[in-house]
1. Which residue pairs have Cβ atoms closer than 8 Å, lie 6 or more positions apart in sequence or on different chains, and pair a first residue in segment 44-59 that is in contact (Cβ under 8 Å) with a residue 24 or more places away in the chain with a second residue that is in a loop (DSSP other than H, G, I, E, B) and small (G, A, S)?
2. Test each condition in (1) in contact with a helix residue (DSSP H, G or I) (Cβ under 8 Å, 6 or more places away or on another chain); (2) within 8 Å of the ligand (Cβ to nearest atom) for I20 and report the one that comes out false.
3. Restricted to segment 1-36, and to residues that are under 11 Å from the mean Cα position of the chain (by Cα) and at positive phi, which residue is modelled with the lowest pLDDT?
4. List, please: which pairs have Cβ atoms under 6 Å, are six or more places apart or on different chains, and start with a residue in segment 23-42 that is touching a residue at least 24 places away in the same chain (Cβ under 8 Å) and within 19 Å of I10 (Cβ to Cβ) and end with one that is open to solvent by 30 Å² or more (accessible area, probe 1.4 Å) and within 7 Å of the ligand (Cβ to nearest atom)?
Amino acid sequence: MNKPDNAVKINLKSNKKISICTCGKSDSLPFCDNRHRELNKENGTHYKSVKIFPENDTNIWVSSTTWKKHNK
Ligand code: FES
């Protein structure tokens, strides 16, 4: 499996919702800390987090190209 360099492994617990940042502004990447609201207001963008609702305990890898874009 080829993962992007910025991929982050997350341990998911069954029935515990998590929110993944798609805007790249979060100080808690890969998790959303609601900074997308400020970014959207300033730039007229429409970023929202991705919500994951795992049925089982598992591990996943996540990445986003926006994580580099806004966190230089
Ligand atoms: S902080 Fe990036 S989507 Fe919420």
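The values are calculated or read from the model by the stated rules, or taken from the named source; none is laboratory data. None of these values were measured; they are calculated from a predicted model. Glycine gets a Cβ as well: all are built from the backbone with ideal geometry, and neighbour counts include every protein chain shown. These area figures cover heavy atoms from the full protein model, side chains too; ligands, DNA and RNA do not enter into them. Shrake-Rupley method; radii C 1.70, N 1.55, O 1.52, S 1.80 Å.
1. Short answer, once both residue conditions are applied: P54/S14; E55/S14; N56/S14; D57/S14.
2. It fails just one condition, (1).
3. Per the criteria, the residue is G24.
4. C23/Y47; K25/R35
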